[in-house]
Each structure stands twice: as C-alpha cells, then as structure tokens.
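Single-structure report; data block below.
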Amino acid sequence: MAKNSIPTVFFARTRNARKVMVLDLGFLGDTVHLLPALWMVRQAYPQAELHVAVAAHVTSLMDCVPWVDKTWGYMRFPRHANLRENYQMVAALRREKFDVLINLNGSDRSSWLTLFSGARERLGRVPGDGGPLLWRRMFTAHVEHPFKPEPIYIQRCRCLEMSGFPPTPPEFHAEINPANLDAAGISAADTGTYFHLSPFTTADRKELPPAQFVELVAALEKKFPDKKIALSCAPTERELKKMEALLALLPQKPWRVLAGNLNLTQLAAVIQHSAVHFCGDTGTLHLAAMTNTPTVAWFWPNPGLQQWVPTGEKYRVIVGANEPGAQYLGKIWTGELILAAQSVLAAAPSNPYSGTQKSGS
C-alpha cells in the first residue's frame, strides 16, 4: 500500500483543510444515515467550508442541518444524470478546488465523480464488490470496513474513525423548526395528539394489503380514541393513485391527508411531532429514526434489514412474509401492530418532541 493511501493518517494529513466535500449520492435512507458521519466531519474540520452532494430529490432534507455550508444536488430520480449533467457536475467540482473529498458510498458513478473532482485528497470506502476497474487509484486513501449487520450510520462513523478522525457519538444532530408544521396545517399544540401513517413503499410486496391497512386505522381509532390520524404519501403518480384508492376504502376521511405536498423537512417535522409513526420499509422510517420518534414498522423479509432498521425501546419492527403469488406483505397481524403501538407509547415520554434531535436509534 502506498504511503499516501494509509487510511489512519488521512485526517492527520488533511486536518488544516479549508474546503471539504462529502459526496453521497444515495436515496433518502442513505442521506439520513450519512448525517452522523457528516457531523463527525464538521467537528473534525471546524475551520473548513463544508459542502455535501446528495441526490437532487432529497436536497430539502438538508434544511435540517444548518451546520453544512452548501448542499449540491445530483440527478438520480426519476432519471439518472445524462452525459452533459455529469460534465457540468465535474466542472463545478473542479472550480471549487476542494482540499478534501470524502466518499463512503462507493458506487461506480460517485467513484468516477470523485476521481474527476480534482480534490487534492480523496477518501473512499472499498465497495463490497471491489468497485470498478482501478477503483483504488481513484482515491488517495481508502478504508476497508466490513459490510455487516450493523446500522449503516454506525458503519460510516467507523470508517472515519479508522481514517484518523476524532470520534464523536453517532448522533443525527438534525434541527427542525416547528414552523415546518405549518405546511401540513398542524401546530405545535398538536404535538403528541396524532398518529402519522405512511401506507406505501416502493413496491406492493413491502406493503400491508389495503383491506388490512383500513382495519389497522379502525383498530387504532378504537384503541386510542384520543389520537387523530394523519396519512402521507410521496408525490409520485403511483403513490398518489394508491392514496386516492385507499381514501375511498376508509369510512371517514382522516384528520390530515398529506398527499405529496410536503418537502422532506416538513414531513420530518410532522413525524417528529406525532405520538407514533407507522410505516413499512420506506424513507419515512429513517426520518423517524432521525427525529427519535416512536415507531411501529412492518417489514418484508429483507436480508439486509439489520443495517437499516432502528433499534431500541422506542421502535418495533415486525417482519412479515412474501408468500408465493401474494401481491402484498403477509403474516403480519393487526393485533400485533396495536400491541406494538402500546409498547412504544409506554416507552416514550408524554411529549416526544424535545427540540433538536441529537440521538440515533
């Protein structure tokens, strides 16, 4: 290994950096799980101008982290960046003349952007598959940390520690102004008086059957008559149509229906102020972990779920089954979800909102 690629001396070599970029082009879950490592970078380079590059459709989440100086958006959804957009991204990166670029994501595209960025020092995590041809030459230092059943945000912090960064507790440090509730027609006085439910994910097989979801809403209303119901969905054509169909099945309209009309920071505020958040394997689960919100989640049998699900007494994750020929998730019982809600409510304070959320899961 070349002298300048030894990971443990990376921070010592770069501690006086004046301009730093953290590049992570994953989706919402990846971006939320980046925050503890991003905070560690912020603390390690207090004098530096800190930039972060994330997928363009999740840039609004970065309103929660005012301690980042500039957020860059890169087109990932609903389409990938084209050749011209990649050229523009590289040109913009090179104009900034970054002293340090940190990329712990390791995807092929982000690795090539790292190489062409012109950053003087480039730290990367060796991908599980070894990365594209000549991957190691794209970075001036690389760290190897096993991809194991450990939360992604913990893994990223470990990578930085192995690279010589002073450790900090793996906390999210998200700052969400309660004024973000206004867009949902909710006030701070509503804190803890409602349940927030995210019915949909990216695929039917990860969702409760519509009839069971209706049953869940009815059971929640019966068991917790003092709690109102707020539903939300993403602004995609698929989820908007599914929300319309779901509302037609409910005997009465919920207290709030937030059909794709909130940005991510506003949605995080709604989740943060709820008594309990209910969801499947979807991005709102990560927002709930970021805001330290009691959560009941139903999950498909994903072999990598231990890297993504929150743990602790405030969270209950119930794993179902994808049975042959079944369109939706099976073997999750509504009564089990109600018991889980009782459990996380008993573990949570009477007012779950406590201002800036600095805790992980």
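Summary of computed values
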{"item": "Of all residues making up region 164-196, the number that are surrounded by fewer than 22 Cβ atoms within 10 Å (Cβ to Cβ), among the hydrophobic types (A, V, I, L, M, F, W, C), in contact with a strand residue (DSSP E or B) (Cβ under 9 Å, 6 or more places away or on another chain) and closer than 23 Å to Val217 by Cα", "result": "1"}
{"item": "Region 82-102 - residue that is among the hydrophobic types (A, V, I, L, M, F, W, C) and without any contact (Cβ under 8 Å) to a residue 24 or more places away in the chain and, of those, surrounded by the fewest Cβ atoms within 10 Å (Cβ to Cβ)", "result": "Leu83"}
{"item": "Test: residue in region 103-114 that is closer than 21 Å to His57 by Cα, assigned by TED's automatic domain parsing to the domain that holds Ala53, of a type in the set (D, E, K, R) and without any contact (Cβ under 8 Å) to a residue 12 or more places away in the chain", "result": "no"}
{"item": "Selected residue [within 25 Å of Ala218 (Cβ to Cβ), of a type in the set (A, V, I, L, M) and without any contact (Cβ under 8 Å) to a residue 40 or more places away in the chain] from Leu339, Leu329, Leu305", "result": "Leu339"}
{"item": "Residue that is aromatic (Phe, Trp, Tyr) and surrounded by fewer than 19 Cβ atoms within 10 Å (Cβ to Cβ), where the choices are Phe11, Phe77", "result": "Phe77"}
{"item": "Options Glu121, Glu161, Glu150; residue that is surrounded by fewer than 21 Cβ atoms within 10 Å (Cβ to Cβ), within 30 Å of Tyr45 (Cβ to Cβ), of a type in the set (D, E, K, R) and at pLDDT below 95", "result": "Glu150"}
{"item": "Filter result (assigned to a helix (DSSP H, G or I) and either surrounded by 23 or more Cβ atoms within 10 Å (Cβ to Cβ) or touching a Leu at 6+ places or on another chain (Cβ under 6 Å) (or both)) within region 14-38", "result": "Thr14, Thr31, Val32, His33, Leu34, Leu35, Pro36, Ala37, Leu38"}
{"item": "Top-ranked residue of region 286-320 - restricted to ones that are of a type in the set (A, V, I, L, M, F, W, C) and farther than 19 Å from Pro209 by Cα, ranked as farthest from the chain's Cα centre (by Cα)", "result": "Leu305"}
{"item": "Positions within region 321-331 being crowded, with 20+ Cβ neighbours inside 10 Å and in contact with a Gly (Cβ under 8 Å, 6 or more places away or on another chain), in sequence order", "result": "Leu329"}
{"item": "Of the criteria (1) surrounded by 24 or more Cβ atoms within 10 Å (Cβ to Cβ); (2) in contact with a Cys (Cβ under 6 Å, 6 or more places away or on another chain); (3) small (Gly, Ala, Ser), which one Ala259 fails", "result": "(1)"}
{"item": "Hits in region 214-273 (condition: assigned to a helix (DSSP H, G or I) and under 18 Å from the mean Cα position of the chain (by Cα))", "result": "Leu264, Thr265, Gln266, Leu267, Ala268, Ala269, Val270, Ile271, Gln272"}
{"item": "Only listed residue being closer than 20 Å to Lys331 by Cβ and either not polar (S, T, N, Q) or not assigned by TED's automatic domain parsing to the domain that holds Gly330 (or both), chosen from Arg238, Arg205", "result": "Arg205"}
{"item": "Condition broken by Met162, with the remaining ones in (1) out of contact with any Ser or Thr (no Cβ under 9 Å at 6 or more places or on another chain); (2) within 22 Å of Gln307 (Cα to Cα) satisfied", "result": "(1)"}
{"item": "Criterion (touching a residue at least 12 places away in the same chain (Cβ under 8 Å) and surrounded by fewer than 16 Cβ atoms within 10 Å (Cβ to Cβ)) met by exactly one of Ala211, Ala234", "result": "Ala211"}
{"item": "Residues satisfying the stated conditions in region 120-156, i.e. charged (D, E, K, R) and assigned to a loop (DSSP other than H, G, I, E, B)", "result": "Arg120, Asp129, Glu144, Lys148, Glu150"}
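So that you can scan it fast, the table gives a plain yes or no per residue for (1) at pLDDT below 95; (2) within 28 Å of Thr311 (Cβ to Cβ):
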site	(1), (2)
Gly130	yes, no
Ile176	no, yes
Ala179	no, no
Ala183	no, no
Asp204	no, yes
Val214	no, no
Leu220	no, yes
Ala234	no, yes
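Residues are listed down the side, and each one gets a yes or a no for (1) of a type in the set (S, T, N, Q); (2) at pLDDT below 95:
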{"site": "His277", "(1), (2)": "no, no"}
{"site": "Thr311", "(1), (2)": "yes, yes"}
{"site": "Glu323", "(1), (2)": "no, yes"}
{"site": "Ser343", "(1), (2)": "yes, no"}
{"site": "Tyr353", "(1), (2)": "no, yes"}
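For every residue, the table says whether it meets (1) under 23 Å from the mean Cα position of the chain (by Cα); (2) in a helix (DSSP H, G or I).
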residue	(1), (2)
Thr59	yes, yes
Asp63	yes, yes
Arg79	yes, no
Arg94	no, yes
Trp112	no, yes
Gly118	no, no
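A quick yes/no check of all residues on (1) closer than 23 Å to Thr193 by Cβ; (2) crowded, with 17+ Cβ neighbours inside 10 Å:
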position	(1), (2)
Glu207	no, yes
Leu216	yes, yes
Asp226	yes, no
Ala230	yes, yes
Glu239	no, yes
Lys242	no, yes
Ala248	no, no
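The values are calculated or read from the model by the stated rules, or taken from the named source; none is laboratory data. Since we're looking at a predicted model, the values are computed, not measured. Here the Cβ is made from the backbone with ideal geometry for all residues, glycine too, and neighbour counts use every protein chain on show.
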